[in-house]
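*Asks:* This is the structure I want to talk about, given as structure tokens.
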Amino acid sequence: MTGETTTESVLVAGAGPVGMTTALALHARGVEATVLEAESADRDRSGSRAIYVHGSTLRTLERIHPGLGTGLVEEGIVWPTRRTLFRGKEVFSRTYDSPGGSGDIPHFTSIPQVVTEQHMHDALADVGIDIHWDAEVDTVTTSPDGVRVGTADGRKWESAFLVGADGGGSTVRNEIGANFDGDQSENAFIIADVGEVEDDPRPPERMFHYDAPDADGRNVLLVPFAGGWRLDIQCIEGDDPEELCSDERMREFVRDIMGKRYADNLEWVSSYYFLQVMADAFVDEHRRVLLAGEAAHLLAPFGARGMNSGIADADEAASAIAAAIDATTEAVVRDEVELYAARREKAAEFNLTAAGQALEYLQGENPVTVLRKEAAASLADHFETAGEWLDDAPYGPRGTPPIVSTGNY
Ligand SMILES: Cc1cc2nc3c(=O)[nH]c(=O)nc-3n(C[C@H](O)[C@H](O)[C@H](O)COP(=O)(O)OP(=O)(O)OC[C@H]3O[C@@H](n4cnc5c(N)ncnc54)[C@H](O)[C@@H]3O)c2cc1C
């Protein structure tokens, strides 16, 4: 195949959740897609990533591939209780009778990203879209007529459009001359996945614990998902994240926070400093390349906006491209792509601000924030709203970008 030029309808770089959604969303609009993925078909995608899939994302997936959204719902779980503790004392708890709401698609589902991706792979196979594995995009050249892409295996590809869904280290972003701009979190966070135990005694509740005594005063978040638990520990001053991630130390954390039975079920541990950045342009100068998902923006995970907003990008990129392909003038082609950029850049700004507020609150050494937390904790026994504020704040504001959008994020 070396040196061969293949002309395709629309190229998608990256077979993460965003690239796969883009291909499905193009197919749903009658547009052929070719997915180029750098890694091999037998890659291991395990690890702690998205678990919270919002209802609007499930509806988008169901719309572009009937059965995909409901399939995730069947396999995921909806936890009914949210609970918050402050230094060992409960300050808020609420259990919903019908936590998912009514209808086929609940408000959210909690499912590991690796399972979500498996459902997406099955959906691609269903509609006959192949992923070209071991096809790392390494060059992108654009012109007013389209895009030429080179892959590391020496192949050349030509297309009317390219969607860059090649993740945070995006080559496509670099090739079109766009740059990431933003900050990194001050604190490190330790994130672990812990497998469920037989006859799991823990109630299926999302629990946030401020200054948890069983984590030596660190903030702890525990969220159930289908098959296990996400444990998130916020490092404090003087912590060495690498040391805290060691098998021995993590087993101690799991034993103290969750109980002895869980200590042997540690599946995955990593430490993160979260980036809060977005590309300074979501499209190239010729309006033939569209960036989507983490190629376009990286968000701290509090508020769960990363994959959810990436899937909204994917759906809107496919919509813009389908309209552009039908256009009979070059000006309309440009218009459709520019509208995509305008809408998704606005959405990313909004999502960055929301995730940034959550991050700032969590890291907050700001005396006013510290005082507000202490005051709310001391008032929580008397005023439910004080406890509810403590329960809500770590995830940032709930609002969604102020644009007409098929996705919520
Ligand atoms: C701890 C943690 C928790 C999270 N929780 C949530 C959550 O609850 N909800 C939520 O919505 N989000 C969450 N996220 C974010 C979510 O995981 C990401 O937003 C999501 O994986 C981004 O998908 P993507 O397809 O844009 O990028 P990726 O998943 O990174 O996929 C990019 C793909 O492109 C491929 N690639 C890279 N370079 C090239 C190249 N040059 N050519 C071809 N292919 C290439 C890669 O191999 C990969 O397959 C979380 C993230 C973390 C770290």
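The values are calculated or read from the model by the stated rules, or taken from the named source; none is laboratory data. Keep in mind it's a predicted model, so treat the numbers as computed, not measured. Cβ coordinates were reconstructed from backbone atoms using ideal geometry, including for glycine residues, and neighbour counts include every protein chain displayed. Each accessible area value is taken on the protein alone, full model and side chains, heavy atoms only, with ligands, DNA and RNA left out. Shrake-Rupley method; radii C 1.70, N 1.55, O 1.52, S 1.80 Å.
*Asks:* Pick out the one residue from Val12, Val18, Val35 that is part of a helix (DSSP H, G or I) and within 14 Å of the ligand (Cβ to nearest atom).
*Replies:* Going through Val12, Val18, Val35 in turn, the sole match is Val18.
*Asks:* Criterion first (open to solvent by less than 60 Å² (accessible area, probe 1.4 Å), within 10 Å of the ligand (Cβ to nearest atom), closer than 22 Å to Leu72 by Cβ and at pLDDT 95 or above) does Thr116 satisfy it?
*Replies:* Against the criterion (open to solvent by less than 60 Å² (accessible area, probe 1.4 Å), within 10 Å of the ligand (Cβ to nearest atom), closer than 22 Å to Leu72 by Cβ and at pLDDT 95 or above), Thr116 qualifies.
*Asks:* If you don't mind, there's one more thing I want to ask. What's the number of the only condition in (1) over 20 Å from Ala312 (Cβ atoms); (2) in contact (Cβ under 8 Å) with a residue 40 or more places away in the chain; (3) surrounded by 21 or more Cβ atoms within 10 Å (Cβ to Cβ) that Leu290 fails to meet?
*Replies:* Condition not satisfied by Leu290: (1).
*Asks:* Right, Phe208: surrounded by 15 or more Cβ atoms within 10 Å (Cβ to Cβ) and either free of Cβ contacts under 8 Å to residues at least 12 places away in the same chain or assigned to a strand (DSSP E or B) (or both) or not?
*Replies:* In short, yes.
*Asks:* Evaluate the following for Glu158: is it in contact (Cβ under 8 Å) with a residue 60 or more places away in the chain, open to solvent by 10 Å² or more (accessible area, probe 1.4 Å) and closer than 30 Å to Asp239 by Cα?
*Replies:* Details: in contact (Cβ under 8 Å) with a residue 60 or more places away in the chain: yes; open to solvent by 10 Å² or more (accessible area, probe 1.4 Å): yes; closer than 30 Å to Asp239 by Cα: no.
Against the criterion (in contact (Cβ under 8 Å) with a residue 60 or more places away in the chain, open to solvent by 10 Å² or more (accessible area, probe 1.4 Å) and closer than 30 Å to Asp239 by Cα), Glu158 does not qualify.
*Asks:* Let me ask you something else. Can Thr95 be described as hydroxyl-bearing (Ser, Thr, Tyr), away from the ligand (no atom under 16 Å from the Cβ), under 30 Å from Leu298 (Cβ atoms) and touching a residue at least 12 places away in the same chain (Cβ under 8 Å)?
*Replies:* no
*Asks:* From the set of residues in segment 161-192 that are outside any strand (DSSP E or B) and either on the phi > 0 side of the Ramachandran plot or without any contact (Cβ under 8 Å) to a residue 24 or more places away in the chain (or both), which is surrounded by the most Cβ atoms within 10 Å (Cβ to Cβ)? Break it down stepwise before answering.
*Replies:* Quick first cut of segment 161-192, residues outside any strand (DSSP E or B) only: 165-179, 185-188.
Filter once more, so that each one left must be either on the phi > 0 side of the Ramachandran plot or without any contact (Cβ under 8 Å) to a residue 24 or more places away in the chain (or both): 167, 169, 174, 177.
Numbers: Gly167: 20, Gly169: 11, Asn174: 15, Gly177: 10.
Step by step, filter segment 161-192, then rank; the result is Gly167.
*Asks:* Scan segment 44-62 for residues that are over 13 Å from the mean Cα position of the chain (by Cα), open to solvent by 50 Å² or more (accessible area, probe 1.4 Å) and within 12 Å of the ligand (Cβ to nearest atom) and jot them down.
*Replies:* Hits for segment 44-62 are Asp44, Arg45.
*Asks:* Here is a further query. With the requirement that a residue be near the ligand (Cβ under 8 Å from one of its atoms), assigned to a loop (DSSP other than H, G, I, E, B) and open to solvent by 20 Å² or more (accessible area, probe 1.4 Å), what does segment 300-348 give you?
*Replies:* Those that are near the ligand (Cβ under 8 Å from one of its atoms), assigned to a loop (DSSP other than H, G, I, E, B) and open to solvent by 20 Å² or more (accessible area, probe 1.4 Å): Pro301, Ala304.
*Asks:* Could you check segment 170-191 and list, in sequence order, the residues that are among the β-branched types (Val, Ile, Thr), over 21 Å from Leu221 (Cβ atoms) and within 9 Å of the ligand (Cβ to nearest atom)?
*Replies:* Hits for segment 170-191 are Thr171, Val172.
*Asks:* Here is a further query. Among what's in segment 51-74 and is in contact with a Pro (Cβ under 8 Å, 6 or more places away or on another chain) and assigned to a helix (DSSP H, G or I), pick the residue that is farthest from Gly310 (Cα to Cα).
*Replies:* This residue is Val73.
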